[in-house]
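Below is one structure, written out as structure tokens; comments come after it.
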Amino acid sequence: HVKIIYTLRLSVSCVFNVDSQLTLSHPLTSPSRMGSVLAASSPNPPPPTSGGAASGLTVPPGFGMPPVIPSSGEASGQEQEDDSRLPNPGTFDECHRKCKEVFPMQMEGVRLFVNKGLSNHFQVNHTLLLSTTGDSTYRFGATYVGTKQMGPAEFFPVMVGDIDNSGSLNAQIIHQIANGVRSKLAFQTQQQKFVNWQCDAEFKGEDYTATVTIGNPDVLVGSGIVVTHYLQSITPALALGGELVYHSRPGEEGTVMSLAGRYTGSNYIATLTLGSAGAHASYYHKANEQLQVGVELEASTRMQDTSVSFGYQLDVPKANLLFKGSVDSNWVVGATLEKKLLPLPLSLVLCTFLNHQKNKFQCGFGVTIG
Amino acid sequence: MGSVLALSSSPGHQNWPFSPDPPPSHWDRRDGRLPNPGSFHSLHRSCKDVFPQQIEGVKMILNKTLSSFFKVSHTLHLSAVSPSYYRFHVEHLQSDDYSKDKDAPALIGEMDSSGSLNAHALLHLNERVRARTVFQTQQSQFVTWQFETEYRGNDFTAAVTVANPDVPRESVILVAHFLQSVSSGLVLGGELVYHRGRAEEGGILTLAGQYSRPNWVATLNAGKGGAHASYYHRANKQIQVGVEFEASTRTQETTTSFGYQMELPEANMVFRGMINSRCIIGGVLEKRLTPLPATLIMGAFVNHRGDKLQVGLGINVG
């Protein structure tokens, strides 16, 4: 039945002219090979424009790449201007971003985050995390933004670095090489061992975006991962694209392909990603100025399970309050409350997650200064 | 060293940080006579109230006053380390003269979602004689049942407690307390504990002394079971400080604790911090969220020696 699914995809891909060298005929017969292929499909490079201090790399807003362009106002605005011009669809990674941002982020223990801007180009942050379950850590991060200006709030090169008290390093360099070509180098170490090193190049055309990423290339061992993304605007609201992951190790190699489609409405965005690794569908809806809602369905063929999550975000700017709640099909209920304590440049975050199935409870709070 | 009966939400300084009444002072002279020294249990109370209470997980307390005699409260505790519970607490006051007095005559009952019961009955039989009965069960098994009678004289207090009398097993614990005001600031007294089981019996004598001045109180309990010394100091209207030293011959260890309480009524905030000789550092922040009748409590306790952290959030409504 695997071959049948592949022939269907082949017909769909011909519609929008995807590279015909795609190895759709690659035999994925033996279950062990299937397992290893799916296991090796590397996670996408860490997104450069995430908001708060997550465990990976973060670039503060305004310093990184611009957000997803097709929103309600801009899409219709473009249409009115020039019917023949389609907007750039953004990058492949950011397809599900709008929906994921609605969900609360799990946090436990006590966290203190101090952010200090030393100049227009340099910013430094300290994070102290006292954890109830794991080890407590101190993390130091620095962000440097260069002088080459590409847009109203974009400056290049952007260098973001992060080091842990145990010596784990995260580093990213993002640079605009030419008009429409952006490149990124990322390194990640676990104490003194390199676990992730990758390089990618992104080509932004008028109505398409193509990205090539080379991950963990190891010439001595002969292994590496190549990820190709392509996203094309078909109409001002519809964007279609695909992802191809090719990984190689001495002794085995394989590819994983998935297709993506995104439809943007007046106040909603629906995204679907389908592949041999599973399916991921998300729906984001902006009800009004204060309420945003997101629904997500994830199905994984590797782990043979699916999960549905429902999340909402309530914004009360008058009370300087941001509340995010989520309910999961894994019986996980969670909520995050963020409150800005004006006039101090202080922000308080309270977070609790309750897993009814395993009867586990986690709570944490954090203070952000600056 | 006496029995400690801990009610989960007993009225007292911890729940009412903004009580308009001034703190109770033993050092007030009334008609030139020596004042009554209070009960034996409250000797170390002013120092203990300064220390933050250990808080863990998320706790929501809903207090509802149904009438001037009847109060009800619901507590929901979600915890990571211990099982979560719901607790129902009821207070029926004998008379509504005492609104915030800790020793007001009342019937107090508390029931847990696991079936544990905690019942206190405080009765003022007379102007001078008080009786107290305590029953505590752990699910279906009775853990504590004790009966106490206290006589408050002009300048002395005497109390006798019978704890866990068990006729079939022939075991009982008898405690006798005596406190006498010797001068305007000095209170001396003692405690005699006699415990009898099927195989053994014994008695422990502890002597107690307390010296108070307008700004500070020093208390000492010393006996064969150990020693307990505490010092409470009120630096100004906002800062109170307490130091405590406990030594036990049974567990062969000593602990020194330092705690402070900082009140900021303009910010509707009370902060209590403490540091311990067991390398435990803790802090609890209580903030009243006006105009809502709600109080937010945030606290964290770090045990550096065992490398453990405990974080708690609570909200008290009503």
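The values are calculated or read from the model by the stated rules, or taken from the named source; none is laboratory data. Everything numeric in this text was worked out from a predicted model, so none of it was measured. No Cβ is skipped: glycine too gets one built from the backbone with ideal geometry, and neighbour counts run over all protein chains shown.
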> Limited to region A:177-203, what total is found for residues that are surrounded by 18 or more Cβ atoms within 10 Å (Cβ to Cβ) and either of a type in the set (Lys, Arg) or more than 30 Å from A:GLN149 (Cα to Cα) (or both)?
Replying inline: 2
> Here are some conditions: (1) out of contact with any Cys (no Cβ under 6 Å at 6 or more places or on another chain); (2) within 14 Å of another protein chain (Cβ to nearest Cβ); (3) in a strand (DSSP E or B). B:VAL58 meets all but one. Which one does it not meet?
Replying inline: (1)
>> I want to confirm something. Restricting to region B:61-92 and keeping residues that are buried (at least 19 other Cβ atoms within 10 Å of the Cβ) and of a type in the set (Ser, Thr, Tyr), which single residue is farthest from the other protein chains (Cβ to nearest Cβ)?
In response: B:SER73
>> Residues to consider are A:GLN176, A:GLN188, A:GLN172, A:GLN149; find the one that is more than 28 Å from B:PHE301 (Cβ to Cβ), more than 21 Å from the chain's Cα centre (by Cα) and more than 14 Å from chain B (Cβ to nearest Cβ).
In response: A:GLN149
> With (1) loosely packed, with under 13 Cβ neighbours inside 10 Å; (2) in contact with a Gly (Cβ under 9 Å, 6 or more places away or on another chain) as the list, and A:VAL221 as the residue in question, which single condition is left unmet?
Replying inline: (2)
> Does region A:89-104 contain any residue that is surrounded by 15 or more Cβ atoms within 10 Å (Cβ to Cβ), modelled with pLDDT under 90 and in contact with a helix residue (DSSP H, G or I) (Cβ under 7 Å, 6 or more places away or on another chain)?
Replying inline: no
> Going through region B:126-171 one residue at a time, which ones are outside any strand (DSSP E or B) and closer than 20 Å to B:HIS195 by Cβ?
Replying inline: B:VAL167, B:PRO168, B:ARG169, B:GLU170
> Which number in (1) crowded, with 16+ Cβ neighbours inside 10 Å; (2) over 22 Å from the mean Cα position of the chain (by Cα) marks the one condition that B:LEU264 misses?
Replying inline: (1)
> Residues of region A:315-370 being assigned to a loop (DSSP other than H, G, I, E, B) and within 13 Å of chain B (Cβ to nearest Cβ), which ones?
Replying inline: A:PRO343, A:LEU344, A:HIS356, A:LYS358, A:ASN359
> Are any of the residues in region B:182-205 touching a residue at least 12 places away in the same chain (Cβ under 8 Å), in contact with a strand residue (DSSP E or B) (Cβ under 6 Å, 6 or more places away or on another chain) and of a type in the set (S, T, N, Q)?
Replying inline: no
> From the list A:GLY161, A:GLY141, A:GLY134, A:GLY167, which residue is within 14 Å of chain B (Cβ to nearest Cβ) and out of contact with any helix residue (DSSP H, G or I) (no Cβ under 7 Å at 6 or more places or on another chain)?
Replying inline: A:GLY134
